[in-house]
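> One structure, as structure tokens, below. Some questions next.
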Amino acid sequence: MIPATEATPYRSASPIIRLVGIEKTYFRGDEAVKVLDKLSIDIPAGSYEALMGPSGSGKSTLLNLIAGLDRPPRDPSRSPGIASIA
Ligand SMILES: Nc1ncnc2c1ncn2[C@@H]1O[C@H](COP(=O)(O)OP(=O)(O)O)[C@@H](O)[C@H]1O
Ligand SMILES: [Mg+2]
């Protein structure tokens, strides 16, 4: 018997988007604005998700990272985090 996840891949629970330990800090002059702080999320294939939060909470920053329009920081002294799309 074929497991349901193989027969219906779009309902698979395996993540299509995986974020591991994402960090993002903007600098406004000398002032550091930490927007994403070690964020880890799995988005399963076939799921519908809503990203909610007040203005300035980092929604666009997160979506830009997932879409590949932006990258996690490449600070060699810290883990940059991983954003991947299956
Ligand atoms: N390019 C940028 N340079 C400096 N600060 C930024 C930049 N983009 C966003 N920010 C700051 O990062 C925070 C999160 O912004 P944003 O991701 O646009 O939030 P949201 O989409 O939830 O309103 C805000 O404090 C915003 O001012
Ligand atoms: Mg926004």
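Read the figures in this text as sums done on the coordinates, not as results from a lab. A quick note: this is a predicted structure, and the numbers were derived from the prediction, not measured. Neighbour counts are summed over all protein chains in view; Cβ atoms, including those assigned to glycine, are modelled from backbone coordinates with ideal geometry.
> Ranked highest first by the average count of other Cβ atoms within 10 Å around their residues, in what order do 32-41, 51-60 fall?
Per-residue mean Cβ counts within 10 Å order the peptides as 32-41, 51-60.
> How far apart, in nm, are the 7 Å Cα→Cβ label points at Arg71 and Glu49?
Modelled inter-label distance: 2.2 nm.
> Using 0.36 nm per residue of separation minus the Cα-Cα distance, give me the extension gain between Leu63 and Asp42 in nm, one decimal.
6.2 nm
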